[in-house]
Amino acid sequence: MIEDIANAAILEVVEKYKRALIRQKRNPDDKLAARGVRAGERFLYSDEFGRLTNLNPDYLNRKLKEYVNKYY
């Protein structure tokens, strides 16, 4: 149950981060998108993320950016 809640929280933040990456790619001068990207990266490399999961933040970040670059 707790693991499900942690996974849901991670998925929500990662989805917001992905949307910010897409928005920033489409409009590099978008300050709101840049803020969303920074917030997503802060979360991925935070102690909180490490407590919620054992996923490698570098791997996840790289894969998200590869996905956005490939499809957007």
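The values are calculated or read from the model by the stated rules, or taken from the named source; none is laboratory data. All values reported here derive from a predicted model rather than from experimental measurement. FYI the Cβ positions are ideal-geometry reconstructions off the backbone, even for glycines, and counts take in every protein chain you see. Please note that ligands, DNA and RNA were not included when accessible areas were found on the heavy atoms of the full protein model with its side chains. Shrake-Rupley method; radii C 1.70, N 1.55, O 1.52, S 1.80 Å.
For this structure, a couple of remarks:
- Residues located in region 34-64, provided they are farther than 10 Å from Tyr17 by Cβ, open to solvent by less than 90 Å² (accessible area, probe 1.4 Å), part of a helix (DSSP H, G or I) and not acidic (Asp, Glu): Ala34, Phe49, Gly50, Leu52, Pro57, Lys63
- Filtering region 17-67 to residues that are more than 28 Å from Glu3 (Cβ to Cβ) and not charged (D, E, K, R) leaves Ile22, Gln24, Asn27, Pro28, Leu32, Ala33, Ala34.
- Hits in region 8-33 - residues which are more than 12 Å from the chain's Cα centre (by Cα), surrounded by fewer than 13 Cβ atoms within 10 Å (Cβ to Cβ) and assigned to a helix (DSSP H, G or I): Ala8, Arg26, Lys31, Leu32
- Contacts under 8 angstrom Cβ, first residue in region 5-23 being closer than 16 Å to Glu41 by Cβ, partner open to solvent by less than 40 Å² (accessible area, probe 1.4 Å) and among the charged types (D, E, K, R), 6 or more apart: Arg23/Asp30
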